[in-house]
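Engineer: One structure coming up, written as structure tokens, with questions to follow.
The values are calculated or read from the model by the stated rules, or taken from the named source; none is laboratory data. Not measured: the values here are computed from a predicted model. Every residue, glycine as well, gets a Cβ built from its backbone with ideal geometry; the counts of neighbours run over all protein chains shown.
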Amino acid sequence: MKRWLAFAPLVVLALLAVVFVTKSLRRDPHVQSMALVGKPLPDLMLPSLEDAKPQPLRAVAKGPVLINVYASWCPPCVEEAPALVELKASGVPIVGVAYKDTPDKTRAFLARYGDGFTAHLDDADGRAGLELGVTGPPETFAVNARGIIVGKHIGVLTPQDARDLMRKAAH
């Protein structure tokens with residue numbers, strides 16, 4: 001009988017693991033991350049990459065506009081860079097927010113992979129990303145003329161994704 005008691009904690013731990021895995025498989029990862037869609041853009045002050053002067057995100061990101069959160073250390077951000085350059089060339093306004101990065105590394109990234117942004121902001125400490133609900137770069141937000149976040153794309157942005165987001169932002 002005492003031998004069974006020694007195994008009881010392992011049985012309980014195994015059952016908890018099964019419950020955790022089952023719940024995780026049923027959870028929609030986009031539900032929490034879409035929390036700001038339909039809400040105003042947070043009132044954030046971020047330094048400009050050009051001169052480190054704090055800028056209000058709401059003023060820089062006057063819609064319709066896309067806000068792209070990216071980082072130099074992010075492989076998917078490298079993958080999406082050519083699409084952003086193409087979008088900028090076609091007139092799509094995109095505010096770049098460098099997430100948890102240094103200005104020097106961000107500038108090197110833009111020089112190497114292309115600059116697809118009409119404005120550059122720096123979120124070195126990740127606070128803006130936290131307020132925006134960023135789970136990891138790249139993430140792109142669509143903001144309409146009233147300053148409301150009307151869409152969000154998680155992952156590499158394609159030109160079609162950008163057109164879909166801009167369509168939402170224009171209405």
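Engineer: Considering only the range 109-125, how many residues are surrounded by fewer than 21 Cβ atoms within 10 Å (Cβ to Cβ) and touching a Ser or Thr at 6+ places or on another chain (Cβ under 6 Å)?
Structural biologist: 0
Engineer: Considering only the range 44-68, state which residues are loosely packed, with under 14 Cβ neighbours inside 10 Å, assigned to a loop (DSSP other than H, G, I, E, B) and of a type in the set (A, V, I, L, M, F, W, C).
Structural biologist: 52
Engineer: Tell me, yes or no, whether the range 126-138 has at least one residue that is part of a strand (DSSP E or B) and surrounded by 20 or more Cβ atoms within 10 Å (Cβ to Cβ). First the steps, then the outcome.
Structural biologist: We begin by selecting, within the range 126-138, every residue part of a strand (DSSP E or B); these are none.
No: zero hits.
Engineer: Just give me the residues in the range 45-73 being farther than 15 Å from residue 128 by Cβ, in contact with a Phe, Trp or Tyr (Cβ under 8 Å, 6 or more places away or on another chain) and not aliphatic (A, V, I, L, M), in sequence order.
Structural biologist: 72, the sole residue that qualifies.
Engineer: Considering every residue within the range 69-77, establish whether at least one is more than 17 Å from residue 116 (Cβ to Cβ) and either surrounded by fewer than 16 Cβ atoms within 10 Å (Cβ to Cβ) or not aliphatic (A, V, I, L, M) (or both).
Structural biologist: yes
Engineer: Now, a different point. Looking at the range 17-24, can you tell me whether even one residue there is at pLDDT below 70 and either within 19 Å of the chain's Cα centre (by Cα) or basic (Lys, Arg) (or both)?
Structural biologist: Yes - at least one qualifying residue is present in the range 17-24.
Residue-wise test of (1) hydrophobic (A, V, I, L, M, F, W, C); (2) at pLDDT 95 or above; (3) not in a helix (DSSP H, G or I).
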site	(1), (2), (3)
106	no, yes, no
109	yes, yes, no
112	no, yes, no
117	yes, yes, yes
122	no, yes, yes
140	no, yes, yes
149	yes, yes, yes
167	no, no, no
